[in-house]
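Student: Structure incoming, see below.
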């Protein structure tokens, strides 16, 4: 009988470091580009940890270079040499080259260029090719770091991870932006948010989080909207005030910036990213924020109950200029702009105990305290003329005791976009879904 | 200007330990149950880290006990005492009790019982209440540990986490089990699996994984099927053989059992779980596995190209009895039972370089090597009479070079079910979706 006993020790190395100077090693990778220099050629391998410069020398490397094409996958053997001019200070003097697989057609994009000179549209149409550019793919490594930081920080803070259904009988926010489907002859919708479920689970685990897809059938065609995106959601019980939620988010950002600095240094360098300062994040009331932007930049307040995107930009600019902060919490959003479950401010019920987090002038988080008492929930539903239909399970949870609680949702693609300095959220979405795009 | 500077130091403690013996502390929690004993009462608080026994003493505790109802949320102050007979060896002698919120109605389930004597149907109908039973909720803490182990192990092994769309133009596996929806007047489907996307991303990151929902419109009504479940998927390039994938899965299981033992000890104890041995997992060919079950248990082989659920049970039993292993890799599934992208065995193309992992007689993983060469993919598509429609982006990826690769998908709820010893996959699904259930 044969047995599997765990990951296999391989002759082929996972990574090559400067400490291996002089050693003969085997590595694999994709031929990113070949630069011919007479009897010598540089074969740049693309590997998951970065580019590796390999030196082909006629007469020394036991291989016919004419056999090798860009985009082939190879296994090579060579001597490690420290070489300042090579990427990450290492090159490999090749002894042998073994072709693992070959492309069938030439590359449609010059992926080995530092910057892909390609339209966003073309990049998205050929996503699996354009992401082979190492700066394009680095954005998604940064994105990984953000999600990883979110989860690891929350595990540390006693949160439990949950997985809630994406198909349901009704949406958490109601309204028109629901994708509808037929579920074995029952009408069903795709989840706009895990809101109801995460609140229901606060009564079980006290603190919960989820990282998963949400679906919005919004007919927006802007640089900041997607119809499917990844939401980083948490919900926490036993809060003293909604500031506990903002404090937790600040803690997440601090943790994540440290994680990115320590584990994603190569990607930060490739993309030339300076991580933002998150030691202290200013907080300002919604109405005051509007005034500040109006006063300083002469912006006319058109709608006192809403923040227009241009106002968000101005508020972001204000706090950058006055407090050197890329981030600002805007608090106390008007009640009429928040869902029924938002906790109104007892001091002035026209406003809620809620917030948005703006990053470089764009909303990346919406959060706040929720109503936790059953009678208050019923009252608010009634005041809005809403029925309890389809919300029985959600409401029952509150009948049977719930702690004061609140939470937030962070748009992963937007946070990534702002962090890596992109202007269109599609740049930081692996396979975007928008009004016109359902493929690839 | 006010600032948020990170998580707040609180007077209320996150956890109480035996080392605090004699200290006065503040904690919060939900009143799980109250046991009256004359002038003394035990108030058991349910907190995220477990139950905490609090002792109410008339004349000492500054509170009127009649005010307190089960399911209220409270903040209490008291003296920590080591007490062997209390849960986790600690109790709190109460000085003060402060009510944070109160229930509106009595509990519909006796959640404080050791075992909920309630039908599965009732438990699912009142999910946010039934999960307040500490053994019910413990299953989902174990589930968290599994997902966490999966991700942490794969990060360590150089995998990149990806987020792929759940709405698409067509399914990866094709066929009839697709949920269909209208996407801005275009026909769309929900993803059955991230298969195409994760393969496309192997050409970018070499190794990728995703943990997310998948959707199957199967009309099965069994204890092992769900119409939406969480799939743990990975895909890895530069494999020498499909055994590398099984070796990686074995490594994941080893890592995860260690993680559960070290971080989820309370839950393992609550559920009385002995973790399975995963030091070595036997592997057997599909055809041989069928023979072994037939020989030992007198099972008649009806269909040589498929494993029936009863055969999986017998094969599981065989390897438990003969090799003391709860797990067994069954390899070389027949080609006609695998999707077009599966790599046929060059030694006998009627079979594939693929596997299922059985755990206690049930399939919890399907995986294998994939075709990585464009001409071979085209040939296989043609041989199956399939068109390239809607697969252009997937196929283009292979035109431009792909390493030998393979991967797998693990059903999270099934793995959890088998680990915690349940018989119905709904027991280990937070909010199951099946033929008859779309709520809560």
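Student: So what is the relative contact order of chain B, in percent, for Cα pairs below 8 Å that sit 6 or more residues apart?
Tutor: Relative contact order, chain B: 13 percent.
Student: For residue B:389 and residue A:180, FRET efficiency with R0 = 30 Å and r from the beta-carbon atoms, rounded to 0.05?
Tutor: Efficiency at R0 = 30 Å is approximately 0.75.
Student: Please compute the contact order of the range A:18-101 in relative form: average sequence separation of alpha-carbon pairs under 8 Å and at least six residues apart, divided by the residue count, as a percent.
Tutor: 34
Student: Given the options B:226, B:68, B:154, which has the most mean-square fluctuation in a GNM of chain B, springs set between C-alpha atoms less than 10 angstrom apart?
Tutor: Ranking B:226, B:68, B:154 by mean-square fluctuation puts B:68 first.
Student: Let me ask something else. Compute the acute angle (0 to 90°) between the alpha-carbon long axis of helix B:286-297 and the principal axis of greatest extent of the alpha-carbon atoms of chain B; round to the nearest 10°.
Tutor: 60
Student: Taking 8 Å as the Cα distance limit and 6 or more residues as the minimum spacing, I'd like the relative contact order of the range B:1-56 as a percentage.
Tutor: After rounding, I find 22 percent.
Student: Another question about this same structure. Identify which of A:57, A:11, A:423 has the largest mean-square fluctuation in a Gaussian network model of chain A, with springs joining Cα atoms closer than 10 Å.
Tutor: A:11
Student: Most exposed first by the Cβ proxy, i.e. fewest other Cβ within 10 Å, how do B:302, B:426, A:135 rank?
Tutor: Details: B:302 9, B:426 22, A:135 17.
The fewest-first ordering by Cβ neighbours comes to B:302, A:135, B:426.
Student: Provide the FRET efficiency to the nearest 0.05 for the residue B:117-residue B:223 pair, computing r from the beta carbons and using R0 = 22 Å.
Tutor: Using R0 = 22 Å, I get an efficiency of 0.65.
Student: If you put a point 7 Å past Cα along the Cβ direction, how far is that point for residue B:279 from the same point in each other copy, in nm, smallest first?
Tutor: From this label point to the equivalent ones elsewhere in the assembly: 5.2 nm.
Student: Cut-off 10 angstrom, C-alpha nodes, Gaussian network model of chain A. Which of A:33, A:416, A:331 fluctuates the most?
Tutor: A:33
Student: Determine the distance separating the Cα centre of the range B:252-271 from the Cα centre of the range A:349-396; give it in Å without decimals.
Tutor: Cα centroid of the range B:252-271 versus Cα centroid of the range A:349-396: 37 Å apart.
Student: Also, I was wondering about something else. Measuring nothing but label to label, 7 Å from Cα along Cα→Cβ, what are residue B:177's distances to the other copies in nm, shortest first?
Tutor: 3.3
Student: Fewest first, what order do A:198, B:123 take by the number of other Cβ atoms within 10 Å?
Tutor: Numbers: A:198 25, B:123 18.
By the 10 Å Cβ count, ascending: B:123, A:198.
Student: Points 7 angstrom from Cα along the Cβ direction at residue B:13 and residue A:320: gap in nanometres?
Tutor: Taking the two extended label points, one gets 4.6 nm.
Student: Please report the spacing between the Cα centers of the range B:3-67 and the range A:179-219 in Å, no decimals.
Tutor: Taking the Cα centre of each part, the range B:3-67 and the range A:179-219 sit 33 Å apart.
Student: Oh, and also: For residue A:96 paired with residue B:26, estimate the spin-label separation in nm (one decimal), with each label point 7 Å from Cα along the Cα-to-Cβ line.
Tutor: For residue A:96 paired with residue B:26, the spin-label model returns 7.0 nm.
Student: Listing B:20, B:343 from the residue with the fewest other Cβ atoms within 10 Å to the one with the most, what is the order?
Tutor: So the residues, fewest neighbours to most, are B:20, B:343.
Student: May I pose another question? Angle, helix A:309-323 long axis vs. longest principal axis of chain A, Cα atoms, 0 to 90°, nearest 10?
Tutor: It is inclined by approximately 80 degrees.
Student: Hey, what angle do you get for helix B:134-156 against the long axis of chain B, alpha-carbon based, 0 to 90 degrees rounded to 10?
Tutor: 50
Student: Also: Report the closest approach of any chain A C-beta to the axis of the A-to-B rotation: residue and distance, in whole angstrom.
Tutor: Reported as residue, whole Å: A:181, 2.
Bear in mind that the values in this text are calculations on the coordinates, not laboratory data. As the structure is a computational prediction, the values presented were derived from the model and not from experiment. Using ideal geometry, Cβ is built from the backbone for each residue, glycine included, and neighbour counts are taken over all protein chains shown.
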